[in-house]
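The block underneath contains the structure these notes are about, expressed in structure tokens.
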Amino acid sequence: MWSTCWAVINSHPWVMPPGQGLSEGWTLLAPRGTAPRVAMCVGKCSRIVGLCLLVLGTLSVAANILLLFPGGALKYLVEGHISKLAKVMPGVWGGGIAVLLAATHITAVGWRCAGCSDCGTRRNAFISAVLSKLALLGAAACFVLSGVGLTNGPLCLYNASEHGRGTLWDYPFLDASGQEPGTRVENYLYDHRTWSVCLEPEGVVAWNVVLFSLLLLISAAEMVLASLQILNGCLGCLCGFCEGK
């Protein structure tokens, strides 16, 4: 990398600014529209990615909080009748806090670069790349756990009298007795007639499917944007954000 940078430096003329002595430094004259264009592109990308991550992180937190209140009722949370994956809250710490930390820094750096010439340092670009990696890991964890939660189905009160157990709180779509695992998943996600097996909370299956599916989509988008910002941050480390203005 250093050899490449030295080759780029040697390929452009260095001139002394008017009225300055030898001790006051030299100025590199880059071709018109190269470094400034790259720097402005990096800053603009940071502004867009940062705002998108802020919105997605907020939606992730909201979706996971709603999972704790099936049907909008508080009593199931108080009684502990909430699915394990909802209580783990991957949308809060994974797709939410980890992403929002990165998004706040990325947005702050990106928008400051719109108004001054020395705000976008390479240190800020490096920090944004590191935070984006953490956001990528958090979003990936949220994606995996949300997929497991969607596959397992909700915790609900259902009638298990055919197995001699009466009504109980459990995961009815994990009861694979007499069924192949692939058939179980197909019946649960694609055959809405099986959703009526849950007696309480009312409409918990649809609630579970919609919110976990939303978390899957949000975390997938967050992973794409975080990966983009990692590349953008690496480019900012080399070119800066606002140099050349």
Q: Could you please let me know if residue 84 is open to solvent by 70 Å² or more (accessible area, probe 1.4 Å) and out of contact with any Leu (no Cβ under 9 Å at 6 or more places or on another chain)?
A: no
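Give the residue, chosen from 78, 109, that is surrounded by 24 or more Cβ atoms within 10 Å (Cβ to Cβ), in a helix (DSSP H, G or I) and either modelled with pLDDT of 95 or more or on the phi < 0 side of the Ramachandran plot (or both).
Going through 78, 109 in turn, just one is surrounded by 24 or more Cβ atoms within 10 Å (Cβ to Cβ), in a helix (DSSP H, G or I) and either modelled with pLDDT of 95 or more or on the phi < 0 side of the Ramachandran plot (or both): 109.
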Q) Does segment 18-28 include one or more residues that are modelled with pLDDT under 90, open to solvent by 40 Å² or more (accessible area, probe 1.4 Å) and within 26 Å of residue 109 (Cβ to Cβ)? A) yes
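The values are calculated or read from the model by the stated rules, or taken from the named source; none is laboratory data. Because the structure is a prediction, the values reported are computed rather than measured. Cβ atoms come from the backbone with ideal geometry, glycine included; neighbour counts cover every protein chain shown. The area values use the complete protein model at the heavy-atom level, side chains included, leaving out ligands, DNA and RNA. Shrake-Rupley method; radii C 1.70, N 1.55, O 1.52, S 1.80 Å.
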